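**Q** Shown below is the structure under consideration.
The values are calculated or read from the model by the stated rules, or taken from the named source; none is laboratory data. Source: prediction; values computed, not measured. Note that we place each Cβ from the backbone using ideal geometry, even for glycine, and neighbour counts take in every protein chain shown. Ligands, DNA and RNA are excluded from the accessible area calculation, which covers all protein heavy atoms including side chains. Shrake-Rupley method; radii C 1.70, N 1.55, O 1.52, S 1.80 Å.
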Amino acid sequence: MNVPQLFASDVFNCQVMQERLPKETYKSLVKTIRFGHPLDMSVANVVANAMKDWAVEKGATHFTHWFQPMTGITAEKHDSFISPTKDGKVIMEFSGKELVMGEPDASSFPSGGVRATFEARGYTAWDPTSFAFVKDGTLYIPTAFFSYSGEVLDKKTPLLKSMEALNKQALRILRLFGNTTAQRVIAQVGAEQEYFLIDRAVYEKRKDLIFTGRTLFGAKPPKGQELEDHYFCPIKPRVSAFMKELDEELWRYGILAKTKHNEVAPAQHELAPIFTSINVASDQNQLMMEIMKEVAGRHGLVCLLHEKPFEGINGSGKHNNWSMGTDTGLNLLDPGTTPAENGQFMLFLMAVIKAVNDHQDLLRLSVASAGNDHRLGANEAPPAIVSVFVGEELEAILAALEKEETYKGSGRKVMKLGVDSLPVIPKDTTDRNRTSPFAFTGNKFEFRMVGSSFSLAGPNITINAIVADTLRQFADELEKSPDFTAALHALVVRTIRENKRIIFNGNNYSPEWSGKKRAL
């Protein structure tokens, strides 16, 4: 198998566009994709025709505007490319108008109370920032979904808005630091997807599992999770065959599936992709969950995405690794070698910490569900009480800044393993905390509360929005000051003092943390 040749072979991505579109059309579309420039209808007509030709060559006969209503899953209505001719035959056509906008019925989808049930008309609008793809003979076009009078009826639109808000406010901060080269700040996610695989014949004997996604009665098995010997153990041939086909399917759709392994609980596994922009990551994760179930069925298995399908063992999360990066490749949460002297990093770090402290209720709501609330609070799932883990070094740096003292760190150490043949390994500046709901893990934050069946959109709308709002407050204050350096120092110190209560590096299951929160 030639993986580079297979990868994204069913995706209408930039490479395909560059090959099939006129040069000026391609340039115009890239400006829309990368910088959010408005798309001209004449460009849409050319793109639609090229997209149709490509899809037909891939065996597609239909197209669908693929959207994410407030159900937590995706929706699609398929239309064929056929158009009648005068001689009673058909030709394959696809116009720019059909690409840009569709009209599925909207009355049967949840609306969050923003419109009445009898108001039925809904529209879909092409999202060119997420690539179209061909699947099962249909061209899938990622779209936003909204009502006749303009109310947002989906999860993609607020996600895109939150990304734009974060971009706008983060760029204001960067300009204050003298960065004039970055044109966009992109919120990125790498979401670790946990899941269970069980034999279909066994699954079909459990009506509770079929109807609710979890077992409701029955005895514990003779062997459960006691020895935790399933974690990272050799993958069984049947599961390995499933994982191999799953990787191939995901790579075909341009999904950066990277890591696969056995998780702690019996029959539990994990798949982790490489980071990409949140909008694309959200679309791809929805597709990933769908494909996982399809591939499992072909192997006589059932893929369970319920957060707590079995009592007494670990549940499944979707660890949401979130970061901010510029279009020039700068990670805004990278502390560098001397984080105590890195004012830009400290400001972005404190913006996230303050956002979590001020809006921890919204973060908790963004991951609340009947399934996930069974999972939170034990077996490596963080508790429902939100905290931020920053690690020993950053905690010491923040303490020194709070006291306005010079941080005297010992620098990065080397691991001494006592075996001469092993390589010298630099020691990380901090450990990781499996019980922390919101943990800083080197150059990103890991939001560990997200449930395995969740759409990535909801939690990341929340993170983007609350961080954007905090950055706005910081930019407003710093732009007014005649002395940027002094104002920056004062802002960081004050923010540490006002928000340090949310920082906790210890065991979040312990009474120490819950007691501390009650006292606060």
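**Q** Is it the case that some residue within region 242-251 is farther than 17 Å from Met1 by Cβ and surrounded by fewer than 17 Cβ atoms within 10 Å (Cβ to Cβ)?
**A** Looking through region 242-251, none of the residues is farther than 17 Å from Met1 by Cβ and surrounded by fewer than 17 Cβ atoms within 10 Å (Cβ to Cβ).
**Q** Which of (1) within 30 Å of Glu294 (Cα to Cα); (2) among the hydrophobic types (A, V, I, L, M, F, W, C); (3) within 17 Å of the chain's Cα centre (by Cα); (4) part of a strand (DSSP E or B) is the odd one out, the single condition Leu160 does not satisfy?
**A** (4)
**Q** Going through Glu270, Glu307, Glu294, Glu263 one at a time, which residue ends up being on the phi < 0 side of the Ramachandran plot and open to solvent by 20 Å² or more (accessible area, probe 1.4 Å)?
**A** Of the residues listed, the single one that is on the phi < 0 side of the Ramachandran plot and open to solvent by 20 Å² or more (accessible area, probe 1.4 Å) is Glu294.
**Q** Further question on the same structure: Of everything in region 344-393 that's touching a helix residue (DSSP H, G or I) at 6+ places or on another chain (Cβ under 7 Å) and small (Gly, Ala, Ser), which residue is modelled with the lowest pLDDT?
**A** Ala381
**Q** Take Val100 and decide whether it is at pLDDT below 95 and closer than 26 Å to Ile461 by Cα.
**A** Against the criterion (at pLDDT below 95 and closer than 26 Å to Ile461 by Cα), Val100 qualifies.
**Q** Please pick out the residue among Leu349, Leu362, Leu301, Leu330 that is farther than 23 Å from Ser436 by Cβ, within 20 Å of the chain's Cα centre (by Cα) and of a type in the set (A, V, I, L, M, F, W, C).
**A** Leu330
**Q** Being assigned to a loop (DSSP other than H, G, I, E, B), in contact with a strand residue (DSSP E or B) (Cβ under 8 Å, 6 or more places away or on another chain) and not β-branched (Val, Ile, Thr) is the filter; apply it to region 40-67 and report the residue that is most open to solvent (accessible area, probe 1.4 Å).
**A** Here the residue is Lys58.
**Q** Still on this structure: Failed condition for Phe348, given (1) within 30 Å of Leu491 (Cα to Cα); (2) out of contact with any strand residue (DSSP E or B) (no Cβ under 8 Å at 6 or more places or on another chain), with all others met?
**A** Just one mismatch for Phe348, condition (2).
**Q** Quickly run through region 316-373 and pick out the residues that are open to solvent by less than 30 Å² (accessible area, probe 1.4 Å) and assigned to a loop (DSSP other than H, G, I, E, B).
**A** The answer is Ser316, Leu332, Leu333, Pro335, Val367.
**Q** Against the conditions (1) crowded, with 16+ Cβ neighbours inside 10 Å; (2) over 21 Å from the mean Cα position of the chain (by Cα); (3) under 30 Å from Thr485 (Cα atoms); (4) basic (Lys, Arg), where does Arg214 fall short? Just the number, please.
**A** (3)
**Q** Within region 125-138, can you find the residues that are closer than 20 Å to Ile82 by Cβ, touching a residue at least 12 places away in the same chain (Cβ under 8 Å) and either of a type outside the set (Val, Ile, Thr) or open to solvent by 30 Å² or more (accessible area, probe 1.4 Å) (or both)?
**A** Correct list: Ala132, Lys135, Gly137.
**Q** Still on this structure: Limited to region 68-124, what total is found for residues that are assigned to a strand (DSSP E or B) and either hydroxyl-bearing (Ser, Thr, Tyr) or open to solvent by less than 40 Å² (accessible area, probe 1.4 Å) (or both)?
**A** The total comes to 8.
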